[in-house]
Amino acid sequence: MANPADIVVDRLTKAYGKFLAVDHISFEVPKGAVVGFLGPNGAGKTTTIRMLTCFLPPTSGMARVAGLDVFQQSLAVRRQIGYLAENTPLYPEMRVEEYLIFRGKLRGMERAVLRRRIAQVAEMCWLSDRLRWLVGNLSKGYRQRLGIADALLHNPPVLVLDEPTVGLDPAQIRQTRKLIANLAGQHTVLLSTHILSEVELVCQRAIIIGRGRILAQGTPEELKQQGAGRGAGRLVVEVRGPVAQVRSALDALPGVQQVEILAGGVAGTLAVTGTLDATLKEQIAAVIHQRGWALREMRSGGATLEEFFVQITDPGAAAAA
């Protein structure tokens, strides 16, 4: 039996005069799942998040979080959500532990429960050795950890994380992704991000919004298959020959959208993105043979989530690629 949904959105709308920032969108986030929420700038992503977290009232439609109505039970909804904003608001003059105590008191947490939870979230977010540090002396990575610890402090069933890895270095990004993945099952996570590889690594499902509407939703693999079904796919071609010349020759073929060099050397490996059919494969083999190069291998590389994202959010850019 499928898990019940912790977030249910039905025809949710936000209008500013005649402009629909969010246009009758519907989706669900299953209990205990990590779901990516994707969209280009101006797509309606942040507006949707603000409505779900009760910072912004919807114009119409319905949204329920942890079984509570955002219209009628907004204060109760806020108690069920841990929210990490893209720019985490912190008090630099406070120490880390003081800040968490302050935040816990604002939520009405009892002293004994609060002390226990601070120890738990500090360990989860790798902050145990920074509790006595001034917030203003923390690096960007540790500030993000503190923001996540704050969101987790009251042990909410639902977490909304807005760009949690923005501005972090590669090591910090890996640690944050590991933390988010570990939250699955214990919490329902709606993860807003621009980083598509992040969605593939930590999310069970993804929702793509554009121009205020839901454009696609499903598992990352399902979305990539949809991309292949729309005519975009990828071939990995290994050729013995001058890689730059091979790339130029393949890029000139009809139906090819992009050629990317994956590896150089005596035998170059290239990824060819385009309308993949038998004719194009024959043309690739023919041009390699005509130039006197050796075709070592040609295999399907599958469509990528990035390619599908570009196809549905910016069709003009996809066609020009």
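Readers should treat all values here as calculations from the given coordinates under stated rules, not as data from a laboratory. If you're wondering where the values come from, they're calculated on a predicted model, not measured in any experiment. Here the Cβ positions follow ideal geometry from the backbone for every residue, glycine too, while neighbour counts run over all protein chains shown.
Structural remarks
- Ellipticity estimate at 222 nm from DSSP helix runs (n ≥ 4, -39,500 (n - 2.57)) divided over the chain, nearest 500: -11000 deg cm²/dmol
- Gyration tensor (Cα) of the stretch 51-210, equivalent ellipsoid semi-axes in angstrom: 25, 21, 14
- Interchain or long-range residues, amide H under 5 Å from Arg95's placed H: Val135
- Here r is the Cβ-Cβ distance between Asn137 and Arg115 and R0 is 25 Å; the resulting FRET efficiency, rounded to 0.05, is 0.60.
- Ala181-Gln226 FRET efficiency (beta carbon distance; Förster radius 22 Å; 0.05 resolution): 0.35
- In this structure, the amide hydrogen of Leu253, modeled 1.01 Å from its nitrogen in the peptide plane, lies closer than 5 angstrom to no residue at least 5 positions away or on a different chain.
- Charge dipole (debye, nearest 20) of the chain; +1 at Cβ of Lys and Arg, -1 at Cβ of Asp and Glu: 820 debye
- Taking the three principal axes of the alpha carbon atoms in the stretch 37-87, the coordinate ranges are 30, 25, 15 Å, sorted in descending order.
- When peptides 248-257, 151-160 are ranked by their average number of other Cβ atoms within 10 Å per residue, the highest-first order is 151-160, 248-257.
- The Cα-based radius of gyration and maximum Cα-Cα distance (Dmax) for the stretch 135-176 are 10.8, 31 Å.
- Per residue, the convex hull spanned by the alpha carbons of the stretch 1-134 comes to 155 Å³.
- Across the chain, the relative contact order, built from alpha-carbon pairs under 8 Å that are at least six residues apart, equals 18 percent.
- Looking at the chain, the DSSP beta bridges with both ends there are about 70 percent antiparallel.
- Free of any GluC sites (Glu not before Pro) that DSSP assigns to a loop and that have at most 12 other C-beta atoms within 10 Å, the longest stretch within the chain is 111-321.
- Spin-label model, Tyr91 to Ala252: label points 7 Å out along the Cα-to-beta-carbon direction sit 6.8 nm apart.
- Kirkwood radius and radius of gyration were both taken over the C-alpha atoms of the stretch 159-285, and their ratio Rg/Rh is 1.08.
- Max mean-square fluctuation residue, GNM over the chain, Cα-Cα springs under 10 Å, options Val236, Val29, Val121: Val236
- Its residue count N fixes a reference of 2.2 N^0.38 Å for the stretch 233-302, and the Cα radius of gyration divided by that reference is 0.94.
- Shape analysis of the chain based on the Cα gyration tensor places the equivalent ellipsoid semi-axes at 44, 25, 15 Å, largest first.
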